Amino acid sequence: MNKYRQINSNEISALEKQHCSCSDWSKVFVSENFSTEHIQYCTFSGDIKLGAFNKEYTLDGNIKRHSGIYKAVIHNCQIGDDTYIYKTNNYIANYEIGGGCYIENIDILAVTEKSQFGNCTPVSALNEGGGREVPACDLLTAHSAYMMALYRHRPQLTKKLNSLFEQYAQGIASEFGHIGNNVIIRNCHIIKNVKIGDNATLEGCSELINGSINSNTFAPVYIGINVIAHNFVVSSGSEITEAAIIDRCFVGQGCQIGKQYSAADSLFFCNCQGFHGEAASIFAGPFTVTHHKSSLLIAGMFSFLNAGSGSNQSNHMYKLGPIHQGIVERGSKTTSDSYILWPAKIGAFTLVMGRHTEHSDTSDLPFSYLIEQDNETILVPGANLKSVGTIRDAQKWPKRDRRKDPNKLDQINFNLLSPYTIQKMMAGQEILQTLKQVSGETCETYYYQNNRIKNSSLRKGIDIYEMGISKFLGNSIINRLENDDFKNIDDIRKRLMPDTEEGLGDWLDISGLIAPRTSIDNIIRDIESEKISSLEELNDRFAEIHKNYYTLEWTWAIDKIQKRLGKSIEEITIDDIISIVENWKTSVITLDKILYEDAKKEFTLKVKTSFGVDGSEKEKQKDFEYVRGDFDQNQFVIEVQKHIEKKSELGNKIIAKLKQAQ
């Protein structure tokens, strides 16, 4: 912390000889080690505090620049040690600027009024007509936003959440802006009412108005050339580049927005990517990705989404305006030129192909295909669980987590199979079995939620869901027993007992956080009763649920195991557990073999079309191998084969261990 003294007459005289002026030198204070040497052609006004300027910068091309202030107009500012400021075409006003900053060739950098710096900007997510506004905020998480947007049936919750956001925003409101340490601001035009964290880089920005750039040493933020951003909050580790335009938006940690992307009234939570296309009133949960110029995401809630080129939705039917909304649950994909007419709700890990206008709700039929055929929606239940692409996505998301900040705002569960998706499979099985009973087993076509299901698809869907359920429950029981030294059934039953009662009942996907409904209800009650009194406390509660996920998961899993067996834990036998493990092993190996065969399709003769353009079939094969590799050497294929061996070995090991305890 610098100690400041009033500038003395000798220093004033030296500065004036260096073409500096001030309306009132008595308001200028300097640090103990201050030197006038590197301040030239400057105009000061208002309250000024200046640090010491001793550092020399080496730029690309080995160009040297010495810290100091040159050709600048400075009003009401505190400037830290070793900062370099050169050429303000207009002025810098009302800022506390940290040490080691590099500010060059800017037009205006100013705070013009008491500002909350984008905090509490209402973002009209999901519904363009309003009614689900979420306040942008430095501490906003996907989970608090989920509650704010979707739980409008609990007005007390909405009111109390709003008060928490307002409390935070009022706490940071100021007539002075803050620029952290080691910030680079270069060749930017207009920056007004923006606070900027440590190590941020702003380069060539056109206009930044009313916002927060929450950069830090661990996860710097980069804002690039020709970016226009109004009423925004940008979280740590994010990049907004290449003429992107955002207005009334929250950008979460590790996001990338660029290549002329435009977004209005939208929330982007961690690791989202938006390139080329357009977003309007979307709730983009974690890992929502859209890369194509022709893609429009509008009035929808998404997470772990991969939007194909030309993906589009409509949120009105030319009646009362753009008031309709839709939800695409986690892990879904939309293919090129896909279209969904809102309102609709698409189940988790669904592949959407073609145009769909029947307002489907497939939320209880996850891992499905929705395919357009003759202007109808064909539903293929469970088919996406057999797709190599689905498994590859599940493996890549953790690897593509770009968050470097140790304080992670969003609590992300990457599990493909969880109580959330398994309860959906169980519900899906029941739906399909009911359709078969009501319409008859020989019926060629079944209808559900305006979707057509072929007889063969229905039967396969029941089977694939059963494999998914068996795989999850078997995983749970193996994880529970694998590292235990049990000697008899009593030891096993003791280990099977849940550690907590929390976790029973329905589970929810709160935009990335997979949690029991009871846990979320407890948080809601504590918000409404003001037991949770700050956003920091709320975020800690979400983090605690995420931390305890596997403990809570076991409570749910053992409850389902008991119900499927029709026995309590005290009645479960070793033969029952062996049967569960056998079913698990069969399901895992069967699914892996299906994935193996699905991967093999990527190496068929048809896929090799256009390879080896001017050569023979042999040259086509060689060209393909040089570009795509050999099937048997493909890393995913190798992993599948190893997975089959590993899980077979694990299953046999557990079964042998159980038999010894009989």
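Of all residues in segment 165-188, those satisfying the criterion of being aliphatic (A, V, I, L, M) and crowded, with 23+ Cβ neighbours inside 10 Å are ILE179, VAL183, ILE185.
Per the conditions (1) in contact with a Phe, Trp or Tyr (Cβ under 8 Å, 6 or more places away or on another chain); (2) surrounded by 18 or more Cβ atoms within 10 Å (Cβ to Cβ), the sole criterion not satisfied by GLY99 is (1). When segment 436-451 is examined, which residues are found to be crowded, with 19+ Cβ neighbours inside 10 Å and either part of a helix (DSSP H, G or I) or in contact (Cβ under 8 Å) with a residue 60 or more places away in the chain (or both)? The answer is TYR448, ASN451.
Within the option set ASN522, ASN539, being in contact with a helix residue (DSSP H, G or I) (Cβ under 9 Å, 6 or more places away or on another chain), without any contact (Cβ under 8 Å) to a residue 12 or more places away in the chain, within 25 Å of ARG152 (Cβ to Cβ) and not small (Gly, Ala, Ser) holds for one residue only, ASN522. Any chance segment 547-558 includes a residue that's surrounded by 17 or more Cβ atoms within 10 Å (Cβ to Cβ), out of contact with any Gly (no Cβ under 8 Å at 6 or more places or on another chain) and more than 30 Å from SER163 (Cβ to Cβ)? Looking through segment 547-558, at least one residue is surrounded by 17 or more Cβ atoms within 10 Å (Cβ to Cβ), out of contact with any Gly (no Cβ under 8 Å at 6 or more places or on another chain) and more than 30 Å from SER163 (Cβ to Cβ). Within the option set THR362, THR390, being under 15 Å from THR335 (Cα atoms) and not basic (Lys, Arg) holds for one residue only, THR390.
Filtering segment 187-203 to residues that are aliphatic (A, V, I, L, M) and assigned to a loop (DSSP other than H, G, I, E, B) leaves only ALA200. Candidates in segment 312-345 are the residues that are over 21 Å from ALA383 (Cα atoms) and among the small types (Gly, Ala, Ser); of these, the one that is modelled with the lowest pLDDT is GLY321.
Yes/no matrix, rows are residues, columns are (1) at pLDDT below 80; (2) surrounded by 11 or more Cβ atoms within 10 Å (Cβ to Cβ); (3) hydroxyl-bearing (Ser, Thr, Tyr):
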{"position": "ILE594", "(1), (2), (3)": "no, yes, no"}
{"position": "LYS600", "(1), (2), (3)": "yes, yes, no"}
{"position": "PHE603", "(1), (2), (3)": "yes, yes, no"}
{"position": "VAL607", "(1), (2), (3)": "yes, yes, no"}
{"position": "PHE611", "(1), (2), (3)": "yes, yes, no"}
{"position": "PHE624", "(1), (2), (3)": "yes, yes, no"}
{"position": "GLN633", "(1), (2), (3)": "yes, no, no"}
{"position": "VAL640", "(1), (2), (3)": "yes, yes, no"}
{"position": "ILE654", "(1), (2), (3)": "no, yes, no"}
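Residues in segment 300-335 that are within 22 Å of MET353 (Cβ to Cβ) and among the aromatic types (Phe, Trp, Tyr): PHE302, PHE304. Restricted to segment 6-33, and to residues that are at pLDDT below 95 and not hydroxyl-bearing (Ser, Thr, Tyr), which residue is nearest to LYS71 (Cα to Cα)? Applying the filter and picking the extreme gives ASN33. Applying a threshold of 6 Å to beta carbon distances and a minimum spacing of six or more residues, or different chains, the list of pairs starting in segment 212-230 at a residue that is under 18 Å from ASN187 (Cα atoms) and ending at one that is surrounded by fewer than 21 Cβ atoms within 10 Å (Cβ to Cβ) and among the hydrophobic types (A, V, I, L, M, F, W, C) reads ASN226/ALA243; ILE228/ILE245.
Among the residues examined, ALA599 qualifies as touching a residue at least 40 places away in the same chain (Cβ under 8 Å), more than 30 Å from LEU504 (Cα to Cα) and under 36 Å from the mean Cα position of the chain (by Cα). Of the residues making up segment 534-572, those that are more than 33 Å from the chain's Cα centre (by Cα), assigned to a helix (DSSP H, G or I) and either more than 18 Å from GLY505 (Cα to Cα) or acidic (Asp, Glu) (or both) are GLU570, GLU571. Screening the candidates THR421, THR362, THR350, THR390 for the property of being modelled with pLDDT of 95 or more, polar (S, T, N, Q) and more than 30 Å from LYS319 (Cβ to Cβ) yields one hit, THR421.
Test PHE44 against the criterion of being out of contact with any Phe, Trp or Tyr (no Cβ under 6 Å at 6 or more places or on another chain) and under 30 Å from ILE510 (Cβ atoms), and give yes or no. Taking the combined requirement at face value, the residue does not satisfy it.
The values are calculated or read from the model by the stated rules, or taken from the named source; none is laboratory data. Owing to the predicted nature of the structure, the values given are computational and were not obtained by experimental measurement. Every residue, glycine among them, receives a Cβ derived from its backbone with ideal geometry; neighbour counts consider all protein chains shown.
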